[in-house]
Each structure stands twice: as structure tokens, then as C-alpha cells.
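Please read the structure below before turning to the comments.
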Amino acid sequence: MRGGNPKLFPCRKRQSYVLRGVSAFAVMTVAVGCSSGEATREFTIPKNLCGVSVPTDALSRLLPASGENLDVQQDGDIDEGNELCVLSVDDTQVLMVSRERINTGDSAEHVLISRARVSQQKTADDGAIAYANRAAVSLIKCRGAGIEVEDISTFIKVLKPARSDETAMKDLITDYTATYKKQRPCLPGS
């Protein structure tokens with residue numbers, strides 16, 4: 001008799017089912033572990049956007065956690081009024097940086113509300129910067145002799161599947177603006 005006499009060995013049948021269950025669980029665990037490797041980031045974080053160096057640690061926290069290819073497209077020229085840089089990961093737009101020369105009198109908070117519909121925001125740099133978890137704006141005031149009286153607005157926005165992170169957004173817009181100011185963008189031909 002295969003497996004012995006069930007009356008003499010009553011636990012043998014139960015052991016068989018338990019053993020089969022444990023074996024099936026082990027096989028499924030190995031199969032799932034082998035087939036569901038974590039997605040990884042294969043692209044390189046850019047060191048500058050629209051000709052301005054960026055804090056790569058802050059940018060890294062905003063970009064998707066996985067992806068193969070990152071592409072940066074730049075359009076326009078700030079000297080002509082506006083400039084746009086769009087980052088795409090695997091052909092999906094994930095972040096945009098827009099700079100434009102605007103008339104004086106606007107605030108970073110108002111620009112952020114009008115461009116990104118963000119009403120819950122924080123400010124920094126005496127109101128020259130407004131930010132939230134998915135978008136930020138900074139204003140550089142151009143004033144002085146031989147300078148066109150205007151402001152330069154920088155707008156940064158993350159798009160899904162990029163990640164929202166208020167601290168990273170603040171770090172990105174603050175460092176980006178500080179670096180951009182060093183280029184003296186208010187001067188003609190700079």
C-alpha cells in the first residue's frame with residue numbers, strides 16, 4: 001500500500017499536504033523574487049538646466065526613481081524673452097524649467113498660483129521665492145543704470161511620474177536662482 005496504512009500512520013497524509021504547501025510557497029517565493037527585480041535608475045542626473053548648474057542631489061529627489069534614458073530639450077533664449085527646458089525620462093516629460101522676462105510688480109507667490117494653481121505654498125528669500133511640493137517660482141529683480149527695468153521669472157514644475165518633495169523643490173529653486181544670479185542675467189547680452 002502506497003504511503004502506508006492510513007489507520008497506522010494518520011499523520012502521514014497531513015504531513016504530505018503540509019509539505020506540499022511549504023514546497024509550493026518556497027517555489028512561488030523564489031519565482032517572485034527572481035521575476036520582480038526592483039526598478040532602477042539607469043540615467044544620469046544632469047548637472048545643468050538651461051545653462052545653469054543645478055544641485056543634483058535636490059534634482060535627483062524629484063526625478064523618477066527608475067528609468068533608462070533622460071533627455072533634455074531646450075527651446076528659446078532668455079535674451080529674447082523666454083526659455084524652456086523640458087526633462088523627459090523614457091519619452092515621458094517629468095520636469096520643466098521655464099525662464100521669462102516679465103513686467104515688474106508681480107510676486108513669486110502670484111506667479112506660482114497663476115502658473116501651477118498652487119494655493120498652499122511657502123516663501124523664501126524675502127518673498128522672491130515661492131514653492132510647494134510640485135512647483136516653485138523665483139523672481140530676480142532687474143534694476144539699475146543701463147538695465148531694462150523688469151523681472152526674470154524662473155518656474156520649475158515636476159510632472160508625474162516625477163516625485164513631489166517640498167524640501168527638494170525649495171533646494172532646487174534656491175540654488176538654481178543663486179547660481180543664475182551670478183551669471184548677471186539683467187545685463188544686456190549676458
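See the values below:
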item: Filter result for THR167 (surrounded by fewer than 19 Cβ atoms within 10 Å (Cβ to Cβ), under 20 Å from the mean Cα position of the chain (by Cα), part of a strand (DSSP E or B) and of a type in the set (Ser, Thr, Tyr)); result: no
item: Test for SER119: is it without any contact (Cβ under 8 Å) to a residue 12 or more places away in the chain and touching a helix residue (DSSP H, G or I) at 6+ places or on another chain (Cβ under 7 Å); result: yes
item: Residues that are touching a residue at least 24 places away in the same chain (Cβ under 8 Å), small (Gly, Ala, Ser) and closer than 26 Å to CYS186 by Cβ, drawn from the stretch 52-96; result: SER53, ALA58
item: Residue check for LEU49: modelled with pLDDT under 95 and under 16 Å from the mean Cα position of the chain (by Cα); result: yes
item: In the stretch 52-77, residue farthest from the chain's Cα centre (by Cα) [restricted to those that are surrounded by fewer than 19 Cβ atoms within 10 Å (Cβ to Cβ) and among the aliphatic types (A, V, I, L, M)]; result: VAL72
item: Residue selected from the stretch 78-110 under the condition farther than 27 Å from GLY127 by Cβ and of a type outside the set (D, E, K, R), by the criterion nearest to the chain's Cα centre (by Cα); result: VAL94
item: From the options SER138, SER119, residue that is in the same structural domain as LEU70 (by TED's automatic domain parsing), outside any helix (DSSP H, G or I) and surrounded by fewer than 17 Cβ atoms within 10 Å (Cβ to Cβ); result: SER119
item: The stretch 141-164, residues that are assigned to a loop (DSSP other than H, G, I, E, B) and either farther than 18 Å from GLU100 by Cβ or among the β-branched types (Val, Ile, Thr) (or both); result: GLY144, ALA145, GLY146, ILE147, VAL149, LEU159, LYS160, PRO161, ALA162, ARG163, SER164
item: Complete set of residues in the stretch 36-53 that are assigned to a loop (DSSP other than H, G, I, E, B) and in contact with a Lys or Arg (Cβ under 7 Å, 6 or more places away or on another chain); result: CYS50
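The values are calculated or read from the model by the stated rules, or taken from the named source; none is laboratory data. Owing to the predicted nature of the structure, the values given are computational and were not obtained by experimental measurement. Neighbour counts run over all protein chains shown; Cβ positions are idealised from the backbone, glycine included.
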